[in-house]
Structure formats: structure tokens, C-alpha cells
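Inspection log for the structure reproduced underneath, given as C-alpha cells.
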Amino acid sequence: MTRKKQRLFFLLLGGATLLFAGILAAAALQEGMIYYYTPSEVYEKPPGTERHLRIGGMVEAGTLVREGDVAHFVITDNKARLPTIYKGVLPTLFREGDGVVAEGNMDSEGRFAASLIMAKHDENYMPREVSDALENKAGSNGSEGKAE
Amino acid sequence: MIAEIGQFSLALAMLIYLAQSVAPLIGIARQDLVWTQSARRMAYFNAFLLLVAFASLTWCYIASDFSVLNVALNSHSAKPLLYKISGVWSNHEGSMLLWVVILALYGAAFAFFGRSLPDDFQARVLAVQAMISVGFVAFVFFVSNPFARLDPPVIEGQGMNPMLQDPGLALHPPFLYLGYVGFSICFAFAVAALIEGKVGPFWARALRPWALISWSFLTLGVALGCWWAYYTLGWGGWWYWDPVENASLTPWLLGTALLHSLIVVERRDALKSWSVLLAILTFSLSLLGTFLVRSGVLTSVHSFAADPSRGLFILGLLGLVCGLSLLLFAFRASSLGAGGLFRPISREGFILFGNVLLSAAAGTVLLGTLYPVFTEALDVGKISVGPPFFNKTVLPLMAPMAAIMAVGPLLFWREARLADIMKKLSPALAACLLIMAVAWVWGGVSGNRLAAGGGLALGAWLIAGTAIEAWPKIKGVFHYRRKGWGMRIAHIGLAVTIIGIAGDAGWSEEQAKTMRPGDQIALAGFDIRLREVEENVKGPNYVVTRALLDVTRDGREITVLAPEIRHFIAPPRPISNTSIHVSLSGDLYAALASGNEDQGWVLRLYWHFLTPWIFVGGALMALGGFLAWGLGPMIRPKSGGKRQGLGNL
């Protein structure tokens, strides 16, 4: 094995792997992307039913209705109201009047069908988007730290 | 007063690090041994100073000194002592202080254990480390000072996120940092080698222990994080491809690659430039991780409070460190010389292939993690890249890597015949196919189970292959060679983790129900009955609501699960605590979500098949790493005295 052949081998190996990974990544990126929307943005720039979304806002007080397994409520950013439907167990810290991030798709009836709910101060999530929106309201959240 | 001692120590350390960056290099230029060797003493002293700083902050926490702003924001007098202490590093400023303390300790450790290395080389390494330290101590002192005073002081602290009152989470940052920061030594080795223009087996042999110990700690840190998430978050998830999780994974992937390429440098004097580059990149990724956590650039569970000035500072440091070192690499790599030749089918070839796969995986994880940053910067919109992306890209890269891990150790150096090796491995192949068949026939192939069955088979292949490689060593005279067994245990650890992941993904079950005392449900062959719910049970700084679940199987009593909700006082919020019954085949996992006596109690019950194997595997990997590192001296002194520079190695 000469040095030139070895170098060629390295190059081919690296290149092939890179190509393989690149193709995988490009294909997966399309599917894996989740878009952030506020309720207003949903009305301003309708995302359609195909896009996987995260909606950040507040649970409007007085809108939570539970029918067995299914929960109906409204997510608002104090400008627009987005009716939401969620089937499953709500997180321990889900409260009316508190921040929430919901992940899912728009359904054909103009409601947001959530598949995942992350409540404010939930063990899971306090995204910047929600904290930005709620900075005025809660005040304390921005300075709070969560450790790695 | 104590806080001021800490403040002063930090400032002094910063100045001495400045000296430590410059004096040794002057010493080398002027061939003045006193200046060259001064680096060691400075490293010792800096470690002492930073320990003093850390001790003073810890003291302030233990004494609940609320005139220190950091303590007032993050502690509370009612917190148990253990969590007052762990509270020191569970906030941004304190954790950065821990970071620089560990940096100093590694420097001092290298100063001590590397005494038998050539003076010039050791001096250069310490100088590079000092340059990094100047940057980070300056960062702590000027932008993230934990000793800032609060005037007037408050009566009571704002408490701490009650989720942080947890042993797993208390240990997670220290282990993680012991990993991240250790790679700074590897980085310094690489830069020193580039400056000297020489890389060889001696360099690799000296570096490997540091890479091993950093890697082992990082493995533990990541595993602890996964385990904590698993038992805390209430869904039984242990990895979310969260940006900060990814930030700890990428240096781990490259660190694994570095570990293996150093073997090739040591044994065959090959892959030299590649190893130098890996060392630089691994540490750069550690720094990138630090940046991502603290800058607010990325949205994450883990993010500390967003502060743009902090982010910019670290980004600047990262740019300097990464940029300058890569520039140095570009100019000097060619002087490192070519190495030994080898054929593709050889141990070096397979190690290289593994390296390439690990690097590609690290690259795609980085891409997925940073993509949202770019799209937001380019104003394309706020997006995040979810788990499907990472699963679809990383798993197809890691699967071949796990497969070749069984073959590699059996191959000869330089060139090997694959046919012979595959014959040796035929029992492993048989085991693999058998397990795959059993999994697919018995377990089904719907949804995840097709891939999960493959995962089980892959794990079996790796275990069997490692056993076949180990067999001659066991059968013959039991000759204990540390590094060989370290490798085998670590590889088996990965196989165990793979099996755990496959089991969890393929055959876990879930039930979420509103239950009243006396209700019973069936889950994975178990019968689970809610006996009663205790309310208002008092804890140290919280009040507990606890559900008692009797678990039986075919009438036999298995266990009692007791998930809780803890209502904390400061700050007031409820936290759900899971109850887990661990067994060899899996975990019974219960979480109490919410509820009350009138409307019933909402419970989430899971059967997590083989999930404990994930964490056991992680521990095994770390154990293998520590074993390979050994507990002896960092480097066996070569016969003869010290030399200036690396000489002809």
C-alpha cells in the first residue's frame, strides 16, 4: 500500500461517509423541523395542516373544558385566540392563566390539535418564546435559572 | 468578608494565569530553566487560589449569607445542607466558578503528574492551559461574578428550583465539567505539539491517560443526566435531543474518536494530524456547549437565564480558542510528518472507519442543533429541529460503528484478512441472527419493533464478538492487562446500552388513567391497584400527596409503587416524583400527575422494557474507561533523564 493509495482510501472513505450522512441529514431535516408560531402568527401566516408546529402563549382563563380524556382550551397571546384540543393527560403544572407551549398540527376545522403540552414551570420546558411573551406578566421567570 | 476573600483569590489567579501564559514561553525562548519550570509552581498556586474562591462561595451558601447576591437568588435557609452545597453550582455564576476550579485542578494535576515529560513540552502545555484560564477566569470575574454583594441584604433567599433538590442533578454538573474541562489538556497537548512541530508515539502515550479520564467522566456526566431525566420528568424519557444534551454529546462523540486514534498514533505512528485535529475540535465543542447553555441563543430545558453579554464573551473566547488553534493547525500540520502505512482491512483501518462514523454523527448532531440558530439569524423564522431528525441521521451512522466494534479488536495491525476473522466471529453472527429472528417472530415487527429487533441483535453481536476476542485471554493464563479489559468492558457497556435502547423503544407500554382508590388496571402482565392516596404528609420543606399502588402478577405480590406530588414552599410549586420498580427485564414506572379526592387521581403508568440496561451500560462504559486509565501514575518515566523538546521520538 503506497502512501498515495492510502491517501486516496482516506479521502474516499471520508467522502463516502460524509455523502451518506449528508443525504440522511437533508432528508431528515425536512421532516424533523418544528416551527414556532404565536397565536397571532397562526392567523397572519396560516401554516396549513401539514406543518408540525409549536404554539407558545397563555392558557386563557375560563376556557378549559375537559370531556373525559379530551381537553379543550384556548391559547392566547393577548392579541389572538387559538382554540386547542388535546387528548391525553395534562401536565401537573398546567393551569389556566399560565404559560404553555403546545406541539402539534392545525386540524381541518381551524383548531390546533396538540400532541404534546409543556406547561410553564413544567419539569419539561420554559422556552424563550413563552418567557418573552410572559415577561411582563410574571416578572420572576426571566431571572430564574435551571441547571444542567 | 469571606466573599471578598473569594473575590480577591479570583483576581489574583487571573493575574498569575496571565504570567503563566507568558513566562514559560519566554523561558523556552531564552533556554532559561527557571522561567520554563515556573509554570508548574504557578499552576499549583492557581489551583490553591481557585479552591479558596470555591470554598468561600460554598461557605456563603452553607451559612446562608444573603448579602451575597448569588446566594440570595439561589438559596434558602430551609434547604437541606446537601442541596445548599449543590446549589453553589446549580446557577450560572457558581457553575462557571466550578468550571474554572476544575480547569485549575487539571492544570495542577498535569503539572504534577507530567513532571517526567520534557520541560519545554510541559511548559508549553501549561502555558496554553493558562491562556484558556485567563479568558475564563476573566469571564467569571468581570461578567459572571458570584461574589457580587446585595445591599441591603435580604432576610430570606428566593429558594431554588425544587427540581434541583435531587442527588442525580447535584452530581451531574461536576462530572460533566470534569469531562469537558479535561479535554482542555488534550487541546493544550495538541497546540504544544503543533508549536514544536512533532507528534509521535511518546506524545500519544502521554496524552492518552488525560483523554481517557476526561472521556470517562464525561460518559458518567451524560449518563447521570439521562438517568436524572428518566426518573424525574415523569414520562420515562431519557434523551430528548435537546440542544444542551446535544452539546454534551458532540464532544463525547469526538472524544471517543480521539481515544481510539491515539491508540493508532501510539502503536503505529499514524493518524497523527488527524489526532491533533480531533483534540482541538473536541475541546472546541466543549466550549461551544458552554456557550450554547448560557447565551440564550437556543431554547432549551437547561438554559440558564439569557444574557447577551455573557453569550458574546464566551462566543469571543470560543472564536479565539478555536480560530487560533485551527489556524495553527493549518500552518503547522504538514510539519508533523507522515505516519505508518496500513491497508483498509486492518485494525488501524477499522479504527479510522469508526472515527469517521463518529465524526459524521457529531457533525449531523451539530447541524441539527445549530440549524435553528442560523434560520433565526437569517430571519427565516423560528424553528426547532426535533428528535425525528436526529434519530434518522445518527442511528444509521452508529449502527455500522457498533457492528465493526466487534471486528476491529480481532484484526491485526497493518493488514489483516477479513475472511479469517469472520470465521472466528461466526458464533457471534449466529447469535445475532438468532436474537433477531426471535425478536421479530416473538415481538412482532410493527412500528418501532423492526428496528428494535435489529438493535437487540446488534447488541448481541457486539457482546458475543467481544467475548470471542476475550476468550483466549481468559482461557489461558489469566494475564491481567489493564487496557485490554478496559476496552472489553467499555465495548460491552455500549452493547448493553444499545440493548436497553432497543428494548425501551420497541416494547414499552403505557397507561394513563384517572383512578379512584380501589380501581385496578392491567399493564404488561401486571395488575396495578390504587390502594389509597395519602394527603398532607410533611417533608423537610414540602408537603406530600402520595398515591399507593399495589402491584401483583398472577396474584403474587410484586411491589408497592408510591408516586408523589411534592408541594414546595419557596418558590411555591408542585413537583411530581415518580416511583420506579427496577428489575432485570425492565422498570415499572408510576407518576402521579394531578387530581383530588372528588375528581379522581390522574396516574401515568409505564412498563419500560430493558430500560435500566441503558444506564447500566453507561456506567460500564465509564468503568471501562477508568480501568483503561488505571490508577497508577499518569506516565511511566522513560529511562534516562528529561529532554528538551520531544527529541527524536
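Only the coordinates and a few stated rules stand behind these numbers; no lab work does. Note that the structure is a prediction, hence the values are computed from the model and not measured. When we count neighbours, we look across all protein chains shown, and the Cβ atoms used for this are built from the backbone with ideal geometry, even at glycine.
Ordering B:Phe175, B:Phe136 from the fewest to the most neighbouring beta carbons within 10 Å gives B:Phe175, B:Phe136.
Around the Cα centre of the stretch B:484-617, unit charges on the Cβ atoms of Lys, Arg, Asp and Glu (plus for the first two, minus for the last two) sum to a dipole of about 360 debye. If you model chain B as an ellipsoid using its alpha carbon gyration tensor, with each semi-axis the square root of five times an eigenvalue, the axes come out at 42, 36, 20 Å, biggest first.
Rg/Rh, computed from the Cα trace of the stretch B:207-336 with Rh as the Kirkwood radius, has the value 1.04. For B:Arg556, the shell of other residues with beta-carbons less than 12 Å away shows a net charge of -3, using +1 for Lys and Arg and -1 for Asp and Glu. Placing +1 on each Lys and Arg Cβ and -1 on each Asp and Glu Cβ, with no other charges, gives chain B a dipole about its Cα centre of roughly 2720 debye.
Every helix of 4 or more DSSP H residues in chain B counts as -39500 (n - 2.57), and over all residues that averages to -21500 deg cm²/dmol at 222 nm. Once you have all Cα-Cα distances for the stretch B:512-630, histogram them in 5 Å bins from zero and send the whole-percent values. Computed distribution, short to long bins: 2, 11, 18, 18, 15, 12, 10, 7, 4, 2, 1, 0. The stretch B:8-81 and the stretch B:96-117 have Cα centres separated by 12 Å.
Along the stretch A:75-91 the Karplus relation, 6.51 cos²θ - 1.76 cosθ + 1.60 evaluated at θ = phi - 60°, assigns HN-Hα couplings of 9, 10, 10, 6, 10, 10, 10, 10, x, 10, 10, 9, 10, x, 8, 6, x Hz to successive residues, with x for each Gly and Pro. Restricting attention to the protein assembly as shown, close to 95% of DSSP beta bridges with both partner residues there are antiparallel. Amide H contacts of A:Met33 (H built 1.01 Å from N, in plane; Pro and chain starts excluded): B:Gly386 sit under 5 Å, all sequence-distant by 5 or more or on other chains. Taking Cα centre as origin and charging only the Cβ of basic (Lys, Arg, +1) and acidic (Asp, Glu, -1) residues, the dipole magnitude of the stretch A:37-103 rounds to 40 debye.
Computed from backbone phi, the HN-Hα couplings of the stretch A:48-62 come to x, 8, 7, 6, 7, 10, 10, 10, x, x, 10, 7, 5, 4, x Hz, rounded to whole numbers (Karplus: 6.51 cos²θ - 1.76 cosθ + 1.60, θ = phi - 60°; Gly and Pro given as x). Quick one: work out Rg over Rh on the C-alpha atoms of the stretch B:110-253, Rh as Kirkwood radius. Rg/Rh for the stretch B:110-253 comes to 1.08. Across peptide B:388-400, the mean count of Cβ atoms from other chains lying within 10 Å of each residue's own Cβ comes to 4. Classify the stretch B:485-567 as rounded, prolate or oblate from the Cα gyration tensor: take a ≥ b ≥ c as the square roots of its eigenvalues, call it rounded if a/c is under 1.5, otherwise prolate when a/b beats b/c and oblate if not. In terms of gyration-tensor shape, oblate. Shape index of the protein assembly as shown: Rg/Rh, with Rg the Cα radius of gyration and Rh the Kirkwood radius from the inverse mean 1/r over Cα pairs, equals 0.97.
Each of B:Ala399 and A:Thr2 was given a label point 7 Å from its Cα along the Cα-to-Cβ line. The distance between the two points is 3.9 nm.
Our Cα-only numbers for the stretch B:194-277 put the radius of gyration and Dmax at 16.5, 53 Å. Couplings for the stretch B:444-456, taken from phi via the Karplus curve 6.51 cos²θ - 1.76 cosθ + 1.60 with θ = phi - 60°, read x, 10, 6, x, 6, 5, 4, 5, 5, x, x, x, 4 Hz in order; Gly and Pro are left as x. Legend: P(r) of the stretch B:1-95 from all alpha carbon pair distances, 5 Å bins from 0, whole percents, reading 3, 14, 19, 16, 13, 10, 8, 7, 5, 3, 1, 0. With 30 Å as the limit on Cα-Cα distance, the pairs of A:Lys87/B:Lys79; A:Lys79/B:Lys382; A:Lys87/B:Lys84; A:Lys87/B:Lys392; B:Lys198/B:Lys473; A:Lys4/B:Lys198 that go past it are A:Lys87/B:Lys79; A:Lys87/B:Lys84; B:Lys198/B:Lys473. State the answer as a single residue: which of A:Val101, B:Cys226, A:Pro39 lies farthest towards the positive end of the charge dipole of the protein assembly as shown, with beta carbon charges of +1 for Lys and Arg and -1 for Asp and Glu, about the Cα centre. Final value for the positive-end residue is B:Cys226. Here r is the Cβ-Cβ distance between B:Asp420 and B:Asp598 and R0 is 56 Å; the resulting FRET efficiency, rounded to 0.05, is 0.15. For the residues of B:341-350, the average number of beta carbons from a partner chain within 10 Å of their own beta carbon is 3. Taking amide H positions as modeled 1.01 Å from N, with prolines and chain starts lacking one, the residues under 5 Å from B:Met515 and 5 or more places away or on another chain are B:Trp601, B:Val602, B:Leu603.
Take each residue in B:505-518, count the other chain C-beta atoms within 10 Å of its C-beta, and the mean is 1. Farthest toward the positive end of the dipole of the protein assembly as shown, out of B:Thr497, B:Ser75, B:Thr559, is the Cα of B:Thr497, where the dipole comes from beta carbon charges about the Cα centre.
In this structure, the amide hydrogen of B:Gly586, modeled 1.01 Å from its nitrogen in the peptide plane, lies closer than 5 angstrom to those of B:Leu610, counting only residues at least 5 positions away or on a different chain.
With the Kirkwood sum run over all distinct C-alpha pairs, the stretch B:374-436 has a hydrodynamic radius of 15.3 Å.
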